[in-house]
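The numbers here are math on the coordinates, done by the rules we state, and not lab data. Predicted model, so just to flag it, every value in this text is computed and none were measured. Ideal geometry is used to build each Cβ from the backbone, glycine not excepted, and the neighbour counts take in all protein chains shown.
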Amino acid sequence: AAHAGDLQRARVGHRARNCAALHHPNIVRVLDFGEDHGELFMAMEYVEGTSCARLLRNVAAKGRRFPLDVALFIAREVLEALAYAHDARDERGRALGIVHRDVSPGNVLVSASGDVKLTDFGIVRSEFIARRTYPGELKGKIGYMSPEQVVGGEVDPRSDLFTLGIVLAEMLLTRPLF
């Protein structure tokens with residue numbers, strides 16, 4: 001059991017280091033991470049505002065449409081974040097191979113000043129993290145998964161783009177796509 005705990009700590013450490021290395025205005029910053037009394041922690045930037053999920057619920061509850069310009073702005077800002085994460089490299093110039101795997105309205109934050117930030121790289125896949133998804137195990141929210149992710153296949157940056165398409169469609173439809 002101690003060995004399994006050590007592996008889990010190493011995976012979380014790799015994940016936290018990769019996330020902490022992501023410095024982009026559209027990505028929630030990881031400020032610190034580590035272990036305290038056997039408990040792992042990750043301190044992240046506080047974004048005063050709301051999630052895209054809450055915005056969608058509020059708009060739908062009022063029987064309104066999400067403004068097209070706002071939906072396109074949010075999608076573009078998330079695309080900027082994803083492009084940066086997908087192209088991220090380590091200090092030696094090696095591609096990190098980051099795939100978010102959980103792009104959903106709840107992980108898109110809109111600050112009070114209108115900044116859009118992607119958060120929760122908690123299930124991120126990276127070339128430097130051992131792949132620990134077992135057959136039949138899904139990581140992410142089922143309604144926001146690419147087909148290859150649903151069947152447990154190999155994911156790449158296109159999976160994140162597919163799921164952002166779902167988020168954009170839901171903003172435009174003001175209802176769940178799937």
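Using a Förster distance of 45 Å, how high is the FRET efficiency between ARG64 and LEU31, based on the Cβ-Cβ distance and rounded to 0.05?
Values: r = 36 Å, r/R0 = 0.81.
Efficiency, from the Cβ-Cβ distance: 0.80.
Which residues' amide hydrogens lie under 5 Å from the amide hydrogen of ILE27, considering only partners 5 or more residues apart or on another chain, with H built in the peptide plane?
HN-HN under 5 Å from ILE27: LEU118.
What is the distance, in nm, between label points placed 7 Å from the Cα along the Cα-to-Cβ direction at ALA112 and at GLU91?
Between ALA112 and GLU91, the simple spin-label model gives 3.7 nm.
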